[in-house]
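First comes the structure, then the notes that go with it.
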Amino acid sequence: MAGAQRVHLEPAFLLHQRDWRDSSRIVEFLTRDHGRVALFAKGVRRARSPLGAVLQPFAPLLVSWAGPGDGGTLTGAELAGVPRAVAGPCLMSGFYLNELVLKLLARVDPHPDVYEAYALALGALAQAAAEERALRLFEKRLLEALGLGLDYAHLVADGTRVAPERYYDVEPSRGVLGAVAAGAAEACLGADLLALAAEELASPGSLATARRLLRAALEHALDGREIESRRVARAVRRARAGTEEQGR
């Protein structure tokens with residue numbers, strides 16, 4: 001894939017872009033068949049460029065390029081359908097998905113499963129009520145695609161299936177270690193672990209457990225690198241809280 005000289009109409013989503021020289025940009029895409037690619041979009045910042053309006057986040061695209069997937073030249077881009085209408089309150093979550101892909105997926109490493117998971121997550125973010133479940137499912141599927149997924153339905157030691165009514169000690173980098181007392185620190189209810197394993201995150205408890213375990217697993221995978229979109233989201237929440245307090 002890395003040596004491909006010309007790629008035509010590859011399904012893709014724009015992850016990030018930054019200015020390059022006077023009128024161009026470096027653009028990064030998540031593509032279906034080539035993974036994450038970084039390309040030079042020459043002249044895209046000129047007023048007459050047809051690509052400026054097309055290269056928008058969360059829009060399904062068909063992109064073409066010449067040269068390798070890491071440093072090639074973007075030769076065309078068009079909409080592949082109606083852009084995902086990410087709900088206003090979910091915009092930061094959309095950028096969070098982009099940042100996870102940028103930080104954890106190597107360039108020119110095909111992951112069609114990640115592409116599909118990303119597309120599904122964007123579709124779910126059209127409704128704010130589905131936001132948290134969409135994020136947790138994408139995190140889980142991304143970790144699995146990277147070989148970092150865990151079996152939350154069975155004990156690490158002997159493969160015994162988790163019992164829904166019992167509580168368990170879970171090591172985010174290893175899996176379910178064993179049963180513990182209900183009041184133990186960080187204990188996870190078996191029913192919530194089974195819900196995460198089956199991707200049936202319907203209850204507040206299962207969502208809270210998934211959030212805690214997946215966040216810890218992601219922090220391990222990120223190896224100390226901070227997720228900037230999380231920091232921005234926290235700052236926005238603090239600002240909103242302050243505004244509401246002043247209005248009382």
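The values are calculated or read from the model by the stated rules, or taken from the named source; none is laboratory data. Source: prediction; values computed, not measured. Using ideal geometry, Cβ is built from the backbone for each residue, glycine included, and neighbour counts are taken over all protein chains shown.
Comparison of Gly94, Gly69, Gly43, Gly88 shows that the only residue that is over 21 Å from the mean Cα position of the chain (by Cα) and either of a type outside the set (Phe, Trp, Tyr) or modelled with pLDDT under 95 (or both) is Gly43.
Of all residues in segment 59-74, none satisfies being crowded, with 19+ Cβ neighbours inside 10 Å, charged (D, E, K, R) and touching a residue at least 60 places away in the same chain (Cβ under 8 Å). Can you spot a residue in segment 137-146 that is out of contact with any strand residue (DSSP E or B) (no Cβ under 8 Å at 6 or more places or on another chain) and either over 21 Å from Phe13 (Cβ atoms) or surrounded by fewer than 17 Cβ atoms within 10 Å (Cβ to Cβ) (or both)? Within segment 137-146, one or more residues are out of contact with any strand residue (DSSP E or B) (no Cβ under 8 Å at 6 or more places or on another chain) and either over 21 Å from Phe13 (Cβ atoms) or surrounded by fewer than 17 Cβ atoms within 10 Å (Cβ to Cβ) (or both). When the residues of segment 146-177 are filtered to those that are within 22 Å of the chain's Cα centre (by Cα), assigned to a loop (DSSP other than H, G, I, E, B) and among the small types (Gly, Ala, Ser), the one that is farthest from Leu218 (Cα to Cα) is Gly147.
So, of the residues in segment 12-48 that are small (Gly, Ala, Ser) and in contact (Cβ under 8 Å) with a residue 12 or more places away in the chain, which turns out to be farthest from Leu120 (Cα to Cα)? Per the criteria, the residue is Ser23. Filtered by the rule that a residue be among the aromatic types (Phe, Trp, Tyr) and farther than 25 Å from Gly71 by Cα, segment 86-141 gives a lone residue, Phe138. Listed by first and then second residue, the pairs linking a residue in segment 206-224 that is closer than 17 Å to Val176 by Cα to a residue that is hydroxyl-bearing (Ser, Thr, Tyr) and not in a helix (DSSP H, G or I), with Cβ atoms under 7 Å apart and 6 or more places separating them unless they lie on different chains, are Ala217/Ser173; His220/Ser173.
Just one of (1) surrounded by 16 or more Cβ atoms within 10 Å (Cβ to Cβ); (2) touching a Pro at 6+ places or on another chain (Cβ under 6 Å) fails for Val101. It is (2).
If only residues of segment 147-168 that are closer than 30 Å to Ser229 by Cα and not aromatic (Phe, Trp, Tyr) are counted, the one that is surrounded by the fewest Cβ atoms within 10 Å (Cβ to Cβ) is Gly147. Against the conditions (1) in contact with a Gly (Cβ under 9 Å, 6 or more places away or on another chain); (2) surrounded by 14 or more Cβ atoms within 10 Å (Cβ to Cβ); (3) within 23 Å of Met92 (Cβ to Cβ), Gly123 satisfies every one except (1).
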